[in-house]
Structure formats: structure tokens, C-alpha cells
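Trainee: Sharing a structure with you now.
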Amino acid sequence: MRLWFAPERLREEGSTPDYRFSLANERTFLAWLRTAMALVGGGFAVDQFLPGTGRPLRIALALILLAAGALCALRAISHWVRCERAMRRGEDLPTSRFPIALGLAVGVVALLMVIVAAFGWGG
């Protein structure tokens, strides 16, 4: 976690990878951040644009999306550091189950929102 706030320390490890790999790692990081921002925006949208839905259900859906956005942003930092470190050390890139968990969470919330919108539950 200390590398989150001092990424220049990564330069002390291993050798400098091909810049194309570092740039690809950065693009992946930015894609994760865009996903995080979309989840946060979705959380606020659910809260604002489903007023006919019962407050507890609406708040629960919004909080799940907001929490997923926060986790996604934090995971983006962790993943960037882990990949950069692995490239510098000449190791295999780290694997992660987070994309699967995030995809399942978003899918479940989306399905719940479809049910709420179609059947007007909670209102």
C-alpha cells in the first residue's frame, strides 16, 4: 500500500520494462477508473431517477453501486502497482478474481433494477 503514495519506489525494483507494457498497464488502470466512475454515477442515478421505488430498496441499490465504484477505484490502484512490480521483476502478471466478482455484482444489481422498473416493486 505504501507504493500507492510513492510509485517512484517501483523504480528501485528489477529493471525497466518496455515502455509499451507500462503504457498498456496505465491504460488498463484508466479503464478501471472509468468503470468506477460509471458505477458511482449509476449509484447516484438510481437514487435520483427511481423515486417511485421504495426508499429502502432504492438506497440499497444505490449503495451497492457506490460501494462497487469505490472498490473498483481502489482495486485499480492495487492492480496497477502489482502489474508494474511484476513487469519490473520479470514475473508473470498477477491474476485476479475481482473482475468476475464485479461483473457478477453489476449483473445482479442490473437484474434487480430491471425487476424494480418492470414491476414497480418497493413503491
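The values are calculated or read from the model by the stated rules, or taken from the named source; none is laboratory data. Every value quoted in this text rests on a predicted model; they were computed, and no experiment measured them. As a convention, Cβ positions derive from the backbone with ideal geometry for all residues, glycine included, and neighbour counts pool all protein chains shown. The protein model used for the area step is the full one, side chains on, heavy atoms only, and it has no ligands, DNA or RNA in it. Shrake-Rupley method; radii C 1.70, N 1.55, O 1.52, S 1.80 Å.
Trainee: List the residue ranges in the chain for DSSP H helices whose C-alpha atoms run 30 angstrom or more along the long axis and whose Kyte-Doolittle average is 1.0 or above. Display every interim value, and only then the final one.
Mentor: Values: long enough: 19-49 (44 Å, 0.41); 55-89 (50 Å, 0.68); 98-119 (31 Å, 2.70).
Result, helices passing both filters: 98-119.
Trainee: So, one more: Could you give the dipole magnitude of region 2-69 about its Cα centre, charging the beta-carbon of Lys and Arg +1 and that of Asp and Glu -1, in debye to the nearest 20? Before the final figure, lay out the partial values.
Mentor: Numbers: 8 positive and 6 negative charges, 47 e Å.
So the magnitude is around 220 debye.
Trainee: So, one more: With an 8 Å cut-off on Cα pairs and a minimum separation of 6 or more residues, tell me the relative contact order of the chain in percent.
Mentor: 33 percent
Trainee: At q = 0.12 Å⁻¹, what log₁₀ I(q)/I(0) does region 57-123 have when each alpha carbon counts as one equal point scatterer in the Debye sum?
Mentor: Relative scattering, expressed as log10 I(q)/I(0), comes to -0.45.
Trainee: Ignoring ligands, DNA and RNA, please state the percent of accessible area on the chain from carbon and sulfur, probe 1.4 Å. Don't skip to the answer; put the middle values down first.
Mentor: Numbers: 5340 of 8050 Å².
Of all accessible area on the chain, carbon and sulfur atoms account for 66 percent.
Trainee: Could you state the accessible area per residue of region 1-116 in Å², with a 1.4 Å probe and every protein chain left in place?
Mentor: Working: 7440 Å² over 116 residues.
Roughly 64 Å² per residue, with all protein chains present.
Trainee: Still on this model: Hey, of (i) -0.61, -1.10; (ii) -0.91, -1.15; (iii) -0.46, -1.26, which did the structure itself give for log10 I(q)/I(0) by the Debye sum over Cα atoms at q = 0.13, 0.21 Å⁻¹ when calculated?
Mentor: (i)
Trainee: Give me the dipole magnitude in Debye, nearest 20, for the chain about the Cα centre, with unit charges on the beta carbon: positive for Lys and Arg, negative for Asp and Glu. If you can, show how the numbers build up before the last one.
Mentor: On the way: 14 positive and 9 negative charges, 25 e Å.
Computed charge dipole of the chain: roughly 120 debye.
Trainee: Please report the orientation-averaged projected area of region 6-76, defined via the convex hull of its C-alpha atoms, in nm². List each step's numbers first, then the result.
Mentor: Numbers: hull surface 22.9 nm².
Reported value for the Cα convex hull: 5.7 nm².
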